[in-house]
Every structure is written in C-alpha cells, then in structure tokens.
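Step one of this worksheet: look at the structure below.
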Amino acid sequence: MQYKTEYLNELMTTVVKRNPGEPEFHQAVSEMFESLDNVLPRHPEFIKSGVLERIVEPERTIKFRVPWTDDKGNVHVNRGFRVQFNSAIGPYKGGLRFHPSVYEGIMKFLGFEQIFKNSLTGLPIGGAKGGSDFDPKGKSDNEIMNFCQSFMSELYRHIGADVDVPAGDIGVGGREIGYLFGQYKRLTGNFNGVLTGKGLSYGGSLARTEATGYGLCYFTSEMLKSKNKSFDGARVVVSGSGNVAIYANEKATQLGAKVVAMSDSNGYIYDPNGVDVAAVKDIKEVRRARIKEYLNYRPDAEYHEGCSGIWAIKCDIALPCATQNEIDEASAKILASNGCYAVAEGANMPSTPEAIEIYRQNGILFAPAKASNAGGVATSALEMSQNSMSIRSSAA
Ligand code: NDP
C-alpha cells in the first residue's frame, strides 16, 4: 500500500520493521493509515505531536506461561497474552481469545482495532486484547477450568475494575468467564467488575450474550435504510456458528430475513428453508458439537466440507461472523457476481483489503467491524457501570 502522505509511508515501514512476522497487525495499521491519508494534510499537529507513533505502539504487552493438567494427569504448557494497547480515554477493555492460531500478532491486531471501536461507542473505555493459543475444542469442563484458573493465576495481577476489564471472544464464553472470575475472586478477595460477560446471577448484564449479533443487525438495518432496503425478504449468509453468528441469525430472522447458510471451521450448512437457529443453539451452545450435525435436525439441508465455499451461496446480504480474513478477493468477487448488495462485519477484520476493494468497485454497501460489531463492547461498558454501582440486572 502506498499512501499520498509520505509521513505515513515512512511510519508504515517502521511498523513493519518493528513488528516482524505479524501480518495481521500490519494489515490493521495499514487500513487505519489509509483512512487517515486525506486527514493528515489538514492536521499537521497530529504529525508534530507524534500521535500516530504513539498509537501504533502498545502501552504494555504481557506474555506469560500457562501450565495446566489434563484429565489424564498430563501437563501442558500454553502461552498467555494481554496487550494493553491504549488507555487514553478509559481503562483497557477488550476480549480474551482462546484459539490455537493465537500469537502476539493476532493479539496486537485485535487490540489495535479495539482502541478505535471502543472510542467510536462514545464510552470511556480504552483498547486491549488478550488470550492464549489454548484450543478449547474437545476439552472437558474440568480441563477448561484447570486452564482458566492457571491463566488467571498470572493475569490477575495486571487487571482490575478500573485498570483493565477483559471479556469474551473466540473460544471464551460464559463458562470460561465464570471460571476466570471465580479464580480472580479467590486470588484477590475482590468481588467487582473485573470481567464482563458474566452470568446474570453474579453481575452480568441482560442481553450481553445477544449484544454483538443483535447490534450487527441493527447497524446493518440502518445502513440498508440509506438505500431503501431492509432485511425483510432478504437472503442472508452468516459465517460462523458461535456467539456472534447465532445472534446475528436470530435478529436477522426476526427482522424478516431468511438466513440460508452458517458454518464452523470444518464446513458449512445450506438450508434453503432458512437455518433453524434453535437447532444451531442446541448443537453449539448446549452440546458443543460440530455444525455438520445440523443434518440430524434438518435432513433436507446440505453440509459441505471447507469454510470458504459458503461465500458462493447466492445471497443479498453477507454477515461474516467467524474470524479474520475469511473473505478474500476471490470470495468477494463471487459475492458481487451473485448480486450481494451488502456486507456487514460481525467478526473482526473478516474482509481482506483486496475484498474491500471489490466491494467498493461493485457498489456493495460495507459496514466495517469497528462500527458494526461494537454492540457487545458497548453492553460490556454498561456491565462495568452496573458493577461499579452494585446494581444487578433483573432477569428478563
Ligand atoms: P465463538 O468462539 O463463539 O465462535 C467462533 C465461530 O467462528 C465458530 O463457529 C468457529 O468455528 C468459527 N471460527 C473460529 N475460527 C475460525 C477459523 N480460523 N476458520 C473458520 N471458522 C472459524 O466466537 P465469537 O462468535 O465470540 O467471535 C466471532 C468473531 O466475532 C471474532 O472475530 C471475534 O473477534 C468477533 N467479535 C466477537 C464479539 C463478542 O461479543 N463475542 C464482539 C466483537 C467481535 P469452530 O467452532 O469450528 O472453531
């Protein structure tokens, strides 16, 4: 990427040099610089005061060993991270991701994006991200608990209700937050709002589970309205089948859309009658099984191995809700040629820069993640306020 502003070219070269082998972080910074290319010439004071040099460098990166024992008594060692990127406007806030692909570059890209997303909400929260290369798939509840307790045994000294407030992300939902919070209390003796995404009975906020997926659809509805379109009667493809994807499906369906496909990291299902979200909840939230099992609930549906094929299904609206860079240039071209007129990001950075260029060339409405998936973190900020005031959400 070449910018018109020479200062940005030089700074981008420095970022790549200083953070070798971290392409996702380079991509996130580069996207931000692209949007600043027309702004900086009008604001030389930003250059003079080194705002960008400061914002691309995390305030602090914590990296630690996480030893834990499986059910057979074998010891495993994973890596834990917390990147406290920026606290200019409030305590650090951002999720924890447990996935084998996690390394420092992924943490930095997510933490960097979180600064801007959080700031856009207008709420007083800084940006951070954390997690581990631990793979929760196929682990027993006991193993997940052992891991979470070990993870928190180091993390607890770096976080706090007014310091840094982690939440969930890929592989970290209500169960994991519960184990992490329990260990935090045990180590510190404090019952406070140090984590969000907690259960309702111990300080969680109503609708936090639904917030990111629902928020994505509300944002998308507003975007569609600008072109006199709506979810009503639209064919929608939602990638993923986790927290964000499930509630994006639920809300899009409530708004009159037909969600015809969903996926996990093994493959995707196609159900021309509309994906039954209750079945997906049972598979993913209750049984923690694979999306392939949807065929046991709806034998007329189809299952296909591999994730990227989902973008070849004809749709009006695409909601990528799985992971980074899941829509590349080739997939974006197929979406465009099939008449897709809107892409709204539930996942963080799910579109590659080349895919975004294809959206632009084809006049596809595009909702970038920093704006469209902020419903979850905004509700988390509400949970933080409720916890500070010792106010509980009543059950719905
Ligand atoms: P979950 O762990 O609940 O679900 C993730 C889903 O994406 C699963 O279906 C998973 O499949 C799939 N997936 C994960 N990694 C890959 C991969 N490498 N390739 C293909 N599919 C993959 O996570 P969330 O729903 O919480 O998060 C999804 C996205 O939304 C992430 O990008 C996250 O950063 C973003 N996000 C989440 C928020 C939240 O409130 N939870 C808030 C804002 C953004 P499998 O089960 O096979 O791994």
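Pop the C-beta distance of SER388 and SER101 into the FRET formula with R0 = 35 Å and round what comes out to the nearest 0.05. Provide the component values of the computation, followed by the final result.
On the way: r = 35 Å, r/R0 = 0.99.
With R0 = 35 Å, the Cβ-Cβ based efficiency is 0.50.
Near ASP71, within a Cβ-to-Cβ distance under 12 Å, what is the net charge of the other residues, with Lys and Arg +1 and Asp and Glu -1? It would help to have the intermediate numbers written out before the result.
Working: positive: LYS72, LYS139; negative: ASP70, ASP141, GLU143.
The answer is -1.
For GLU154 and PHE191 in the same chain, what is the full-extension length gain: residue separation times 0.36 nm, less their Cα-Cα distance, in nm? Kindly include the intermediate steps, with their values, before the conclusion.
On the way: separation 37, 0.36 × 37 = 13.32 nm, distance 1.78 nm.
Between GLU154 and PHE191, full extension yields an extra 11.5 nm.
Roughly what would the spin-label model give for ASN38 and TYR297, points 7 Å off Cα along C-beta, in nm?
Distance between label points: 4.4 nm.
If you look at just the Cα atoms of region 30-76, how large are its Rg and its Dmax in Å?
Radius of gyration, then largest Cα-Cα span, for region 30-76: 21.1, 62 Å.
Hey, rough spin-label estimate for GLU53 and GLU329, points 7 angstrom out along Cα→Cβ, what's it come to in nanometres?
Output for this residue pair reads 3.5 nm.
Return the tail of the calculated pair distribution for region 65-196, meaning the percent of Cα-Cα pairs more than 22 Å apart.
Numbers: 2788 of 8646 pairs.
Percentage above 22 Å: 32.
Grab the eigenvalues of the alpha-carbon gyration tensor for the chain, scale each by 5, take roots, and send me the semi-axes largest first in whole angstrom.
Numbers: eigenvalues 182, 168, 81 Å².
The answer is 30, 29, 20 Å, longest axis first.
With bins 5 Å wide starting at 0, give me the P(r) of region 294-396 over every alpha carbon pair, in whole percents.
Whole-percent P(r) values from 0 Å outward: 2, 12, 18, 18, 12, 11, 10, 8, 6, 3, 0.
For region 1-144, report the convex hull volume of the alpha-carbon atoms normalised per residue, in Å³, without decimals. Before the final figure, lay out each step's value.
Details: hull volume 17.9 nm³, N = 144.
Looking at region 1-144, the number lands at 125 Å³ per residue.
Can you give me the solvent accessible area of SER394 with a 1.4 Å probe, rounded to the nearest 10 Å²?
80
Run through every distinct alpha carbon pair of region 245-336 and return the Kirkwood hydrodynamic radius in angstroms, one decimal place. Present the calculation step by step, with values, prior to reporting the outcome.
Numbers: mean 1/r = 0.0745 Å⁻¹.
In region 245-336 this quantity evaluates to 13.4 Å.
Determine the calculated [θ] at 222 nm for the chain from helices alone, applying -39500 (n - 2.57) to every DSSP H run no shorter than 4 residues and normalising by the residue count; nearest 500 deg cm²/dmol.
Working: 15 runs with 159 residues, N = 396.
Dividing the helical sum by the residues of the chain leaves -12000 deg cm²/dmol.
Let me check something: with ligands and nucleic acids excluded, how do TYR297, TYR359 order by accessible area (1.4 Å probe), largest to smallest? Present the calculation step by step, with values, prior to reporting the outcome.
On the way: TYR297 65, TYR359 5 Å².
Ranking TYR297, TYR359 by accessible area, largest first, yields TYR297, TYR359.
Net charge near ALA257: determine it from the other residues with C-beta under 12 Å of the C-beta of ALA257, scoring Lys and Arg +1 and Asp and Glu -1. Working shown, then result.
Values: positive: LYS229, ARG235, LYS251, LYS258; negative: ASP232, GLU250, ASP316.
Once all neighbours under 12 Å are counted, the net charge is +1.
Counting alpha carbon pairs within less than 8 Å and at least 6 residues apart, what relative contact order, in whole percent, applies to region 226-277?
Details: 76 pairs, mean separation 18.4, N = 52.
Computed value for region 226-277: 35 percent relative contact order.
Considering region 114-255, what Rg and Dmax in Å follow from its alpha-carbon atoms?
Over region 114-255's Cα set, Rg and Dmax evaluate to 17.5, 54 Å.
Based on the Cβ-Cβ distance of LYS17 and ASP232, what FRET efficiency does E = 1/(1 + (r/R0)^6) give at R0 = 51 Å, to the nearest 0.05? Numbers along the way, then the final one.
On the way: r = 50 Å, r/R0 = 0.98.
Taking R0 as 51 Å, the efficiency between LYS17 and ASP232 is 0.50.
Say R0 is 25 Å: what FRET efficiency, to the nearest 0.05, do ARG287 and THR69 get from their beta-carbon distance?
0.50
With a cap of 13 neighbouring Cβ atoms within 10 Å, and only residues DSSP puts in a loop, list the trypsin sites (Lys or Arg not before Pro) found in region 74-168.
Filter output for region 74-168: LYS137.
By how many nm would the segment from GLU305 to GLU357 lengthen if fully extended, with 0.36 nm per residue of separation less the alpha-carbon distance? Present the calculation step by step, with values, prior to reporting the outcome.
Values: separation 52, 0.36 × 52 = 18.72 nm, distance 2.78 nm.
Result for the pair: 15.9 nm of gain on full extension.
Report, in debye and to the nearest 20, how large the dipole of the chain comes out about its Cα centre when Lys and Arg carry +1 and Asp and Glu carry -1 on their Cβ.
Values: 43 positive and 45 negative charges, 161 e Å.
Value, rounded to 20: 780 debye.
Counting only protein heavy atoms and using a 1.4 Å probe, what share of the accessible area of the chain belongs to carbon plus sulfur, as a whole percent?
Values: 8710 of 16910 Å².
That fraction is 51 percent.
Would you kindly derive the ³J(HN,Hα) couplings of region 163-173 from the backbone phi angles with the Karplus curve 6.51 cos²θ - 1.76 cosθ + 1.60 (θ = phi - 60°), listing them in order in whole Hz, with x for Gly and Pro?
10, 7, 10, x, 9, x, 6, 4, x, 10, x
Take every Cα-Cα distance within region 58-137, group them into 5 Å bins from 0 onward, and report for each bin the whole-number percent of pairs it holds.
3, 17, 24, 19, 14, 10, 6, 4, 2, 0
The values are calculated or read from the model by the stated rules, or taken from the named source; none is laboratory data. Quick caveat, the model's predicted, so the values are computed rather than measured. Cβ: placed from backbone, ideal geometry, glycine included. Neighbour counts: every protein chain shown. Accessible surface is based on the protein model in full, side chains and every heavy atom, while ligands, DNA and RNA are left aside. Shrake-Rupley method; radii C 1.70, N 1.55, O 1.52, S 1.80 Å.
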